[in-house]
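For reference, the structure discussed in these notes is given below.
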Amino acid sequence: MAVAMQRLVEQLAASFSKFTPMAALDVVLVAGFIYIFIINIRGRRAAQIVSGMLILLCAYLASVWFRMELLRTLLSTLAPYSAFAIIVMFQSEIRRVLARIGRARIFTFGGRLQRRETAEEILMALSFFSQQSMGALIVVERDTGLKTFVETGVNLDARLSRDLLLSIFYPGGALHDGAVIVQGERIAAAACFLPLSMNPARLGHLGTRHRAAIGITEETDSLALVVSEETGKISICAFGEIQHGVSIEYVEEQLTKHLSQPLAPPINENSSMEIRRS
């Protein structure tokens, strides 16, 4: 027993002697990437896909252990194609992870609302939309560029104003169906197409505007402001989460935070954010 304990201690000592500072950094970086990936897939369809892949892995290990040759051969034949399957199934999650890595301040190129007057123009327009129950969707760019989505709409490159927003979202107008994208102090484009959120928990009770607002904030760090044409209520979206029925004062608070300082995503992305009623 003493000899075995001595050998174990020697093996542990040899292992720790190889654990250099670079090895520790390596472990931390890998753990960080795994953590970001788990945070991004938690509560989404991708989590179920990961569970299915783990079940297949356990089935393969069991087939090797119990010498079930037919099952082992089938799973080992499918294994080389798993890399392509992972890229296809997790394309949105991969984009989201890379976008979050790119949000570091040294890589940011997004526009900012530099003047308070510009934010006030948005707030006045939202107040009018809410009172008149006019549907609207305004996306404010932050660090992650929205040029890809700007190109899907009608290029305007016009100074942002309340009157211009009212003209764009006037019912029956040519541009009112899509989203307005704000870059800096200007409206970059209108009638833009945005990616719809595919979160199954939200598909049953949200309309296209709200799903588009959630979808764009799932892929970027932008802020999306939505007014429902059915109820006139204002909703605000950030980091893939939505708050319904918020007040103008709360929108102003969140808009100021969004444009002036870094925002951290919710700790629990699988839960709904606090709902504040107007």
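Taking the criterion of being of a type in the set (Asp, Glu) and more than 17 Å from Val180 (Cβ to Cβ), the residues of the stretch 205-232 that qualify are Glu218, Glu219, Asp221, Glu230. When the stretch 219-239 is filtered for residues that are out of contact with any strand residue (DSSP E or B) (no Cβ under 9 Å at 6 or more places or on another chain) and crowded, with 22+ Cβ neighbours inside 10 Å, nothing remains. Filtered by the rule that a residue be farther than 18 Å from Thr144 by Cα and out of contact with any helix residue (DSSP H, G or I) (no Cβ under 6 Å at 6 or more places or on another chain), the stretch 208-234 gives Thr208, Arg209, His210, Arg211, Ser228, Glu229, Glu230, Thr231, Lys233. When the stretch 28-67 is filtered for residues that are over 17 Å from Ile86 (Cβ atoms) and either small (Gly, Ala, Ser) or modelled with pLDDT under 85 (or both), the ones remaining, listed by number, are Ala31, Gly32, Tyr35, Ile39, Arg42, Gly43, Ala59, Ala62, Ser63. The selection criterion, being modelled with pLDDT of 85 or more, assigned to a helix (DSSP H, G or I) and loosely packed, with under 12 Cβ neighbours inside 10 Å, holds for Leu70.
The values are calculated or read from the model by the stated rules, or taken from the named source; none is laboratory data. These numbers come from a predicted model, not from an experiment. Because the Cβ atoms are built from the backbone with ideal geometry, glycine has one as well, and the counts that use them run over all protein chains shown.
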